[in-house]
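Novice: Okay, handing you the structure first.
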Amino acid sequence: MKAAVIYDGGFAEQGAEGRALQARIAAICVEAGIALCGPNCMGILNPHHKSTTYLQELREPAGLAGNVAILSHSGGLCVGLLTDTRRFGFSHIVSSGNEATVSAAAFLEYLLEDPHTAIVGGFIEAIREPERFARARPRRHAGQAGGDGQGRSARAHQAGDHDPYRRRCR
């Protein structure tokens, strides 16, 4: 097994005993090479590949497909967005929860490289790897999937000075 999801709560968000249990689970996953989403999350939805580990039942995940990725600690926010897909569709919905082994920064790096994703929206309660999160940016160039002549990396760089954000994350 290469990946797993723990939906249930009662881990690091519940105090010392929960933190110890979560640390034990994380150590097992790291040793076994298992990417763990959660605990205390809703899972991951990828409408383009018609795959989901999402806790909420969805009638037709492929009908949600679009170019907006949502990265959230809050599963409730994701559920709310999934109830109204008239405005836009999704490339991914990621409810990362407590991030015992896979951080929001790692998910963000993946989403920035995904050819189906043009926009990443986030509801992040805590950045557990601030330097990695601040360094995340698209590496695609013109001519690759999602390129438009300028390339997404060029547009991201032109968006502004990232140093104040990096300092704040530190």
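The values are calculated or read from the model by the stated rules, or taken from the named source; none is laboratory data. A quick note: this is a predicted structure, and the numbers were derived from the prediction, not measured. Don't worry about glycine lacking a Cβ; one is built from the backbone with ideal geometry, like all the others, and counts go over all protein chains shown.
Novice: Yes or no: Phe107 touching a helix residue (DSSP H, G or I) at 6+ places or on another chain (Cβ under 9 Å), among the aromatic types (Phe, Trp, Tyr), at pLDDT 65 or above and under 26 Å from Thr52 (Cβ atoms)?
Specialist: Details: touching a helix residue (DSSP H, G or I) at 6+ places or on another chain (Cβ under 9 Å): no; among the aromatic types (Phe, Trp, Tyr): yes; at pLDDT 65 or above: yes; under 26 Å from Thr52 (Cβ atoms): yes.
Taking the combined requirement at face value, the residue does not satisfy it.
Novice: Of all residues in region 95-109, how many are buried (at least 23 other Cβ atoms within 10 Å of the Cβ) and under 15 Å from Ile25 (Cα atoms)?
Specialist: Going through region 95-109 one residue at a time, the tally reaches 4.
Novice: Identify all residues within region 69-94 that are hydrophobic (A, V, I, L, M, F, W, C) and buried (at least 23 other Cβ atoms within 10 Å of the Cβ); write none if there are none.
Specialist: Result: Ala69, Cys78, Phe90, Ile93, Val94.
Novice: Same structure again: Find the residue count for region 22-49, including only residues that are out of contact with any helix residue (DSSP H, G or I) (no Cβ under 7 Å at 6 or more places or on another chain) and crowded, with 16+ Cβ neighbours inside 10 Å.
Specialist: Residues flagged as out of contact with any helix residue (DSSP H, G or I) (no Cβ under 7 Å at 6 or more places or on another chain) and crowded, with 16+ Cβ neighbours inside 10 Å within region 22-49 amount to 10.
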